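Novice: Input: one structure, supplied below.
The values are calculated or read from the model by the stated rules, or taken from the named source; none is laboratory data. As the structure is a prediction and not an experimental result, all values here were calculated from the model. Using ideal geometry, Cβ is built from the backbone for each residue, glycine included, and neighbour counts are taken over all protein chains shown. Keep in mind that these areas ignore ligands, DNA and RNA; they rest on the heavy atoms of the full protein, side chains included. Shrake-Rupley method; radii C 1.70, N 1.55, O 1.52, S 1.80 Å.
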Amino acid sequence: MTNHILIVEDDEMVQKFVALHLENEGFQTSTATTGAGALAILADQAIDLILLDLNLPDGDGLSIAQKVRETSTVPIIILTARKGQDDRMLGLGLGADEYLTKPIAPEELFLRVRNLLSRAVSAPQPPSPGFAPAKPESPPAQPAAPAPNAAPAPTAAPNRGGLGLIAGIAALIAVVSGGAVWYFDQSPQPPKSPAPSSLPGPIKPEPEPKQTPKPQSKAKPLRRPAPAALAEEEHTKAIAEVLGYGWALQSKCDPLPDVKWWKYNSHESIASYVLKSQKGDWAAYTKIWFLRLVRLHEIDNRNSSAVTSSGVVLKGDALKDYIKKMQKRLAVIKCLAAEAKAFAAKR
């Protein structure tokens, strides 16, 4: 019998990629991009295991795990970018069987899926509409004693060689989750302490080429740079031109707000990062910062707090001020994207 896995993931690219390779391993899959869609599928179909993301557009995935566990024992694997200890403890406390963080090696993901399904096969409970477990009409017969040294029958026949086919999953998840969410809701569940829990920093992207800082002199700002410094500056510009982001050195976009925990604080560093780590996809980079901004708005609307990667607690006026700076950064990113498009059209 083929096991049926429900993938709850709002990023459709990741969702389809994981579904494709699960099917190559012999599993049947269904997908949902929202919590409501996941509950609808669970109410209508027999699901053997759920892969659940937490950052869903219509709510926190933890609430979905709680609703499922109220009426079903279907195995749940939480697969998320959220690494906070509070989220991990809450997810497992609500009944999730595994809590995995992105990026994850595809071999590990499939081993955990297979192990959970192997343990669940001894007591299958296919959900009926409303995903409440069906009641047996009569007491089950006494099972026969297993033969000595008998191995448990697998629920699916994964192809060991198939793991090589899905080697790209780890890289894809790493790109999508590499900074897509920095800030998480610090609301206690229930309140334990007035102090918010610390959150981890973002998954670090591959470092981009080093930029030689432009020579400055605080003591004598009007003094002309030395010839050697001018040569170094010209060398930096030449490197930028060769790598394809030299246009950013003459950008007409507004300067970025001064935020100490932002890694890329100049036009050229952002352009270099997008060119190398996002393969020039400005739409994907813009989406990352848009989702961060949406998340912060949600936290602020609940009068909750967020913790940055450097440990700064943001709440109230401080959080509102940071949201304004992030809105400004998003506007600059959109401006740079337009300049990059215009530059590409001239080439």
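Novice: What distance in nm lies between label points placed 7 Å from Cα along the C-beta direction at Asp321 and Leu92?
Specialist: 3.8 nm
Novice: Now for a different question. Just add up the charged neighbours of Arg112: K/R +1, D/E -1, any other residue whose Cβ is under 12 Å from the Cβ of Arg112.
Specialist: Charge balance in the 12 Å sphere: -2.
Novice: Can you give the extra length, in nm with one decimal, that the chain gains between Asp281 and Leu293 once fully stretched, where that is 0.36 nm per residue apart less the Cα-Cα distance?
Specialist: 2.4 nm
Novice: A further question on this structure: Is there a pair in Lys263/Lys320; Lys252/Lys341; Lys83/Lys325; Lys83/Lys315 whose C-alpha atoms are over 23 Å apart, and which pairs would that be?
Specialist: Beyond 23 Å between Cα atoms: Lys83/Lys325.
Novice: A follow-up question, please. Leaving ligands, DNA and RNA out of it, rank Cys253, Cys335 by accessible area with a 1.4 Å probe, largest first.
Specialist: The residues order as Cys335, Cys253, largest area first.
Novice: Can you tally the net charge around Gly93? Count Lys and Arg as +1, Asp and Glu as -1, for every other residue whose Cβ sits under 11 Å from the Cβ of Gly93.
Specialist: So the environment of Gly93 carries a net charge of 0.
Novice: To continue, here is another question. Taking the full set of protein chains and a 1.4 angstrom probe, give the accessible area of His297 in square angstrom, rounded to the nearest 10.
Specialist: Counting only protein heavy atoms, His297 exposes about 70 Å² to solvent.
Novice: Another question about this same structure. Expected output is a single nm value to one decimal: the length gained when fully extending between Gln45 and Ala345, i.e. 0.36 nm times separation in residues minus the C-alpha distance. What is it?
Specialist: Gain on stretching Gln45 to Ala345: 103.1 nm.
Novice: For region 1-73, give me the percentage of DSSP beta bridges that are antiparallel, rounded to the nearest 5 percent.
Specialist: About 20 percent, rounded to the nearest 5.
Novice: If I stretch the segment between Lys334 and Thr73 completely, what's the gain in nm (0.36 nm per residue apart, minus their alpha carbon distance), one decimal?
Specialist: Result: 89.4 nm gained on full extension.
Novice: Next up: Taking the Cα centre as origin and putting +1 on Lys and Arg beta-carbons and -1 on Asp and Glu beta-carbons, what dipole magnitude results for region 47-92, to the nearest 20 debye?
Specialist: Computed about the Cα centre, the dipole is about 140 debye.
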